[in-house]
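To start, the structure itself, in structure tokens.
The values are calculated or read from the model by the stated rules, or taken from the named source; none is laboratory data. Fair warning: this is a prediction, and the values are worked out from it, not measured in the lab. All Cβ positions, even for glycine, are placed from backbone atoms using ideal geometry, and neighbour counts span all protein chains on display. Note: areas computed on protein heavy atoms with side chains; ligands, DNA, RNA excluded. Shrake-Rupley method; radii C 1.70, N 1.55, O 1.52, S 1.80 Å.
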Amino acid sequence: AISSLSAVPSPKRSLTKSPIRSRRDDVEQGEDEDDSDKINAWQAGFTVINLFLGLCLLSYPYALSCGTLVSLIPFICICFALCYTGKLIVRCFNTLSADVEHSYPMVGYYSFGNFGYLLVSFGIIAELFGALCTNTIFLWTNLSYLLLPFGLSLDEIILICSLMTLPTCWMLNF
């Protein structure tokens, strides 16, 4: 009997190493490998900080002004919850063996089986799609302030912005 979840990949890892590596790994293994597609801990940290300082950080003052000081209580609770879950994810990654792909879907697979793998994969795709929609709407709104005085309609601005950003989706190594 063929299961409908047979498209879920095997938990065995096709590659031997994670794209993120530490300086300790360099000392233990030597520098024989091709490092062109890997990032070190400094680059990973810079990427995380760069992502955090995006549109979300710009919206905090506005959210605080709308919610007053009472909104700080749920904000602090959410921060503690996210800190705790982040530590849990790190523990899960540390318990994975070396021959297993170190990815979020694989943590879901080892936690909840095929359902966990599909749930985490869907969550990642939904998050990326939501971020794409948020940034696109942000772009449309800002450009509408600039281009509406020139006689362009909102539909034309949306079309122009979408066509201008479409080639960035075709970049494979960005």
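Structure summary
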| read-out | value |
| --- | --- |
| Condition met for Gly67 (more than 23 Å from the chain's Cα centre (by Cα) and open to solvent by less than 50 Å² (accessible area, probe 1.4 Å)) | yes |
| Members of the stretch 157-169 that are loosely packed, with under 10 Cβ neighbours inside 10 Å and modelled with pLDDT of 80 or more | Leu163, Leu166, Pro167 |
